[in-house]
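The numbers here are math on the coordinates, done by the rules we state, and not lab data. None of these values were measured; they are calculated from a predicted model. When we count neighbours, we look across all protein chains shown, and the Cβ atoms used for this are built from the backbone with ideal geometry, even at glycine.
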Amino acid sequence: MKISLVIPTLDAGTLLEEVLAAIDRQPNVADVEKIAVDSGSTDGTVDRLVAHGFETISIDKSTFDHGLTRDLAIERCSGDIVVLLTQDATPTDTEWLPALVSCFDDDHVGAAYCRQIPRDDCNPFIARRLREWTAGKTERVVQRLASDQTLGSLQPLERLQLCAYDNVAGSVRRSIWEQFKFGKRPFGEDVAFGKKLIEHGYSIVFEPRSAVVHSHNRSPIEEGKRIYCDHQNLRDLFDVHLMPTWESFEGAVEWGQREYAKIVDELDLEPDERAALHRWARDYAKWASLGMYLGANSHQLADGEHGAFFRFLDRELHAGI
């Protein structure tokens, strides 16, 4: 099978050199077609990509879309399998690419994704959360509907778990992508793509032998913005609706501040670091809960009495995501 590799970029900085060097260490990488879509970088990102053998496609930053931009790059590819990577996800070893590609030995597999390991400087609370998330696990999973199941017969969170797919570091079979392209998606294009595959009887594989180092240290407000976009998406795709009322939001904040404090206390931290993380976790409980509430209820709020304000808020919360 011929392999292509796609990376969307924008001012990736010096970390990109680490990512590209790790790609260069993969077996048979000279045979891999490498395509990048750059949204107007001014920090030398394009020069770094070209020096490592990438063909670059330049687009205006204002036209970037998580789904359409990846479709643009894949259209340019000629590989049977297209590997998707972000500019800040560093392959851990030389098994990353071979293990990911090996998932497609089964003709039913339409997509595969790999394990994500937090960076050493990752906020320890977020690092724990990432390890408990689907792409943080250590056991291989093949996601596919059973013969007696339909997606609609499952509970919302079961649907989400079955369709989970992450193209921070993932891959697609091009022939199947041609049937179910990402399409225009400002956020969550990967899990929406995963839903299409599962609905049509294909498999998605989580392969932990393939791993990247990837995490972000965001403020509680920044986390809340992403959670808003995420839960808006999950309500639309799977009817995941964890906080239907303002009272449930208030209860979630109270629960989160209590439980997250316990998690912080379980971590082996110096007193000053523990105190700072307690403050972060208290704010995170508030902003994460608000993101869940507003995101899942965004359509009703946009159509309600104060719809103009919530439509404005929606645009602001999507900005830069």
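3J(HN,Hα) along region 219-228, derived from phi through the Karplus expression 6.51 cos²θ - 1.76 cosθ + 1.60 where θ = phi - 60°, amounts to 6, x, 5, 4, 4, x, 4, 5, 5, 4 Hz, with x in place of Gly and Pro.
Once you sort the root eigenvalues of the Cα gyration tensor of region 220-318 as a ≥ b ≥ c, which label holds: rounded (a/c under 1.5), prolate (a/b larger than b/c) or oblate (the other case)?
prolate
Remark: His306, His214, His318 ranked as His306, His318, His214, counting other beta-carbon atoms within 10 Å and listing the fewest first. Extension gain, Lys262 to Lys61: 0.36 nm times the residue separation minus the Cα-Cα distance gives 68.1 nm. The distance separating the Cα centre of region 32-66 from that of region 123-191 comes to 26 Å. Whole-Hz Karplus values for region 28-38 come out as 6, 5, 4, 8, 8, 6, 10, 10, 10, 10, 10 Hz, taken residue by residue from phi with 6.51 cos²θ - 1.76 cosθ + 1.60 and θ = phi - 60°; glycine and proline positions read x. Taking other C-beta atoms within 10 Å as the exposure proxy, Met243, Met292, Met1 rank Met1, Met243, Met292 from fewest upward.
Please state the shape class of region 6-158: rounded when a/c is under 1.5, otherwise prolate if a/b exceeds b/c and oblate if not, all from the C-alpha gyration tensor. Verdict is prolate for region 6-158.
Could you work out the relative contact order of the chain, using alpha carbon pairs under 8 angstrom and six or more residues apart, expressed as a whole percent? Once normalised by length, the contact order is 19 percent. When the helices of the chain are scored as -39500 (n - 2.57) per DSSP H run of n ≥ 4 and the total is divided over every residue, the value at 222 nm lands at -14500 deg cm²/dmol.
One equal scatterer on each Cα of the chain, no solvent, Debye formula: the resulting log10 I(q)/I(0) at q = 0.06, 0.12, 0.13 Å⁻¹ is -0.21, -0.90, -1.05.
Among Leu269, Leu162, the ranking by other beta carbons within 10 Å of each residue's beta carbon, starting with the fewest, stands as Leu269, Leu162.
Residue by residue, region 67-83 carries 3J(HN,Hα) couplings of x, 5, 5, 5, 4, 4, 5, 5, 4, 6, 7, 10, x, 6, 10, 10, 8 Hz when phi is fed to the Karplus relation 6.51 cos²θ - 1.76 cosθ + 1.60 (θ = phi - 60°); x denotes Gly or Pro. Amide H contacts of Phe64: none lie under 5 Å away among residues 5 or more positions distant or on a separate chain (H built 1.01 Å from N in the peptide plane; Pro and chain starts excluded). Under the simplified labelling scheme, the Asp236-Asp93 pair shows an inter-label distance of 4.0 nm, with each label point 7 Å from Cα along Cα→Cβ. Run the paramagnetic zone check for Asp47: 7 angstrom along Cα to Cβ, then residues of region 1-30 with backbone nitrogen under 16 Å. Counting backbone N atoms under 16 Å from the label point, the list is 11-18.
Where a ≥ b ≥ c are the square roots of the eigenvalues of the C-alpha gyration tensor, would you call region 99-164 rounded, which needs a/c under 1.5, or, failing that, prolate if a/b is larger than b/c, or oblate? Oblate.
Spin-label model, Glu199/Gln300: points 7 Å from Cα along the beta carbon direction are separated by 2.3 nm.
If both residues of a DSSP beta bridge must be in the chain, then about 35% of such bridges are antiparallel.
Helix 246-266 and the longest principal axis of the C-alpha atoms of the chain enclose an angle of approximately 70°.
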